[in-house]
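The structure appears below as structure tokens.
The values are calculated or read from the model by the stated rules, or taken from the named source; none is laboratory data. These numbers were taken from a predicted model, which means no experiment stands behind them. Positions of Cβ are generated from backbone atoms using ideal geometry, with glycine treated the same way; all protein chains shown enter the neighbour counts.
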Amino acid sequence: MNETAHLSPFEILARYERLSLAHASDVQERMDAPGLWRGIGYRVGSRLFVSGIEEINELLAVPALAQVPGTQPWLLGIANVRGNLVPVIDLARFLFGERTQPTERTRLLVVRQGGGSVALMVDEVFGQRTVDETQRQAAQPEDDPRLLRFVEQRVDVGEQRLALFSMGRLVRAPDFRQAAA
């Protein structure tokens, strides 16, 4: 017999609330546990990356862009994001020389840079990923020479092999900061 059959509707809702709050506090304890690292996972071309959750300020659908003449081909233009002009970079083109083909899954990762922000176009964002100490210890070094200055290691999270991508290193890279052609 169903264990809630003898309870009133209010008692059933109160029970669900208790169970929900108990689950939420357990999840929060695991997320705040020492040794866990949290990031945002995304795809650029065929490569999967994750960057620290503290490095990405915002995720956006791709807005209208205004072209900027005389710039590198990876600088797609500028976008108006809540009254601020933000340069939009095709991350695949910058890293691999391959243009991103926008789809309904294409997103912008907004990252702080110097005195403002920059938006990086990626093929898709697949949400938050948590990496524990065991996964970090089993990490493999990055083997793509184009990525070595931004990625130190790759970790396996479930079925995915994710490159730990440093947005801080990217925005400080001299060639990234020099968008003029």
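Is it fair to say Q113 is of a type in the set (S, T, N, Q), surrounded by 15 or more Cβ atoms within 10 Å (Cβ to Cβ), touching a strand residue (DSSP E or B) at 6+ places or on another chain (Cβ under 6 Å) and modelled with pLDDT under 95? Judged against the criteria, Q113 is not a match. In region 48-103, the qualifying residues are those that are within 22 Å of Q128 (Cα to Cα), in contact (Cβ under 8 Å) with a residue 12 or more places away in the chain and of a type in the set (D, E), and the one that is surrounded by the fewest Cβ atoms within 10 Å (Cβ to Cβ) is E58. Just one of the listed residues (V131, V110) is over 13 Å from W74 (Cα atoms) and in contact (Cβ under 8 Å) with a residue 60 or more places away in the chain, and it is V131. The set of residues in region 133-159 being closer than 23 Å to D90 by Cβ and within 16 Å of the chain's Cα centre (by Cα) consists of F150, V151, R154. At least 3 residues being over 23 Å from S46 (Cβ atoms) is the threshold, and among the strands (runs of 3 or more DSSP E) wholly inside region 67-177 those reaching it are 75-81, 84-90, 107-113, 116-122. Applying a threshold of 7 Å to beta carbon distances and a minimum spacing of six or more residues, or different chains, the list of pairs starting in region 140-166 at a residue that is within 13 Å of L48 (Cβ to Cβ) and ending at one that is of a type in the set (D, E) and surrounded by 14 or more Cβ atoms within 10 Å (Cβ to Cβ) reads E142/E152; V151/E142; R154/E142; A163/E142; L164/E152.
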